[in-house]
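Engineer: Sharing a structure, written as structure tokens. Questions coming.
The values are calculated or read from the model by the stated rules, or taken from the named source; none is laboratory data. What you see is a predicted model; the values in this text were computed from it and never measured. The protein model used for the area step is the full one, side chains on, heavy atoms only, and it has no ligands, DNA or RNA in it. Shrake-Rupley method; radii C 1.70, N 1.55, O 1.52, S 1.80 Å.
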Amino acid sequence: KNGIANYFSNIGVLYHDQNNLKKALECHLKALRMNGELQNKNRIAMNLSNIGNIYNDQNNYQKALEYYFKALKMDEEVKRKNGIAIALSNIGNIYVRQNDYPKALEYYFKALEMSKKLQDKNVIAINLGNIGVVYEYQKDHLKALNYFLKALKMNEELQNKNRIAINFGNIGVIYECQNHYPKALQYHFKAFKINK
């Protein structure tokens with residue numbers, strides 16, 4: 001049963017990658033049911049998170065939140081810190097899509113705190129960038145710039161070119177909003193060069 005549950009989970013991930021959300025959901029629900037029978041809480045938490053991702057992609061934010069909160073609860077129960085950080089970040093993402101920026105910040109900051117405890121620079125950088133985006137949406141350009149620069153510094157340490165390009169682009173947008181066009185162009189050209 002353990003092997004079969006893992007197969008369903010893996011097949012669900014592949015269907016999700018192919019954008020076949022209906023089949024992906026079916027597989028993850030089967031994996032969830034089997035892992036429930038096996039009382040494999042680590043796997044249950046992962047299944048719940050995967051199901052939340054599918055509902056998120058379907059723009060069913062209420063269902064996505066429901067499953068992300070279930071995943072968070074399960075991760076907390078088994079003290080799976082990496083899972084907690086991911087769940088908190090996923091919840092923050094949904095609140096951003098619902099334009100609930102105070103709630104989004106609340107969960108992104110919790111995710112940032114957890115990723116710092118884990119000393120996971122990659123996840124720290126993602127959360128810094130996410131927080132910057134929320135401040136940008138709130139038109140708090142100074143705070144947004146501060147977090148984008150922090151994210152950039154960490155991504156440069158990690159040599160993550162894709163995220164460096166995103167950070168450059170975000171910084172460019174902030175300078176644009178502040179009418180600092182030479183600075184904005186400078187950062188947009190940096191992003192363009194990496195993306196090219």
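Engineer: Mind checking which lysines have their Cα closer than 28 Å to the Cα of LYS110? Skip sequence neighbours fewer than 8 apart in that chain.
Structural biologist: Result set, ordered by chain and number: LYS41, LYS63, LYS70, LYS73, LYS79, LYS81, LYS121, LYS139, LYS143, LYS150, LYS153, LYS161.
Engineer: Rounded to the nearest 500 deg cm²/dmol, what is the calculated helix-only ellipticity per residue at 222 nm for the chain, with -39500 (n - 2.57) per DSSP H run of length n ≥ 4?
Structural biologist: Computed ellipticity for the chain at 222 nm equals -29000 deg cm²/dmol.
Engineer: Quick one: accessible surface of MET46, probe radius 1.4 Å, all protein chains present, in square angstrom to the nearest 10.
Structural biologist: Roughly 80 Å² of MET46 is accessible to a 1.4 Å probe.
Engineer: A further question follows. Using protein chains only and a probe of 1.4 angstrom, how many square angstrom of PHE148 are accessible, to the nearest 10?
Structural biologist: Answer for PHE148: close to 0 Å² accessible.
Engineer: Using only the alpha-carbon atoms, how far is helix 121-137 inclined from the longest principal axis of the chain? Give it as 0 to 90 degrees, nearest 10.
Structural biologist: 60 degrees
Engineer: For the chain, take the longest principal axis of its alpha carbons; what is the angle in degrees between that and the long axis of helix 101-118, to the nearest 10 within 0 to 90?
Structural biologist: That works out to roughly 80 degrees.
Engineer: Where does each of ASP75, ASP100 land when they are ordered by accessible area, with a 1.4 Å probe and the largest first?
Structural biologist: My answer, sorted largest first, is ASP100, ASP75.
Engineer: Still on this structure, please answer the following. Quick one: ranking HIS188, HIS28 by accessible area, 1.4 Å probe, largest first, what do you get?
Structural biologist: Correct descending sequence by accessible area is HIS188, HIS28.
Engineer: Quick check of the Kirkwood formula: for region 44-170, what is the inverse mean of 1/r over all pairs of different Cα atoms, in Å?
Structural biologist: 14.7 Å
Engineer: Here is a further query. How large is the accessible surface per residue of region 1-124, computed with a 1.4 Å probe and reported in Å² as a whole number?
Structural biologist: Ligands and nucleic acids excluded, the figure is 54 Å² per residue.
Engineer: Let me ask something else. Only Cα pairs within less than 10 Å get springs; with that Gaussian network setup on the chain, which residue of VAL78, VAL96, VAL123 has the largest fluctuation?
Structural biologist: Among VAL78, VAL96, VAL123, the largest GNM mean-square fluctuation belongs to VAL78.
Engineer: Heavy atoms only, probe 1.4 Å: what % of the accessible area of region 52-190 goes to carbon and sulfur, would you let me know?
Structural biologist: 50 percent
Engineer: Over region 42-84, what is the relative contact order in whole percent, taking alpha-carbon pairs under 8 Å and six or more residues apart?
Structural biologist: 44 percent
Engineer: Can you tell me, using C-alpha contacts under 8 Å and at least 6 residues apart, the relative contact order of the chain as a whole percent?
Structural biologist: Reported as a whole number, the value is 10 percent.
Engineer: Which three extents, in whole angstrom, do the alpha-carbon atoms of region 76-140 cover along their principal axes, largest first?
Structural biologist: Projected onto the principal axes, the Cα atoms of region 76-140 cover 36, 22, 12 Å.
Engineer: Moving to a separate point now. Rank GLY169, GLY36, GLY92 by mean-square fluctuation in a GNM of the chain with C-alpha springs under 10 angstrom and give only the top-ranked residue.
Structural biologist: GLY36
Engineer: Provide the solvent-accessible area of TYR55, counting protein heavy atoms only and rolling a 1.4 Å probe, rounded to the nearest 10 Å².
Structural biologist: Answer for TYR55: close to 30 Å² accessible.
Engineer: Top to bottom by accessible area (1.4 Å), largest first, where do LYS116, LYS73, LYS23 land?
Structural biologist: So the residues, ranked largest to smallest area, are LYS73, LYS116, LYS23.
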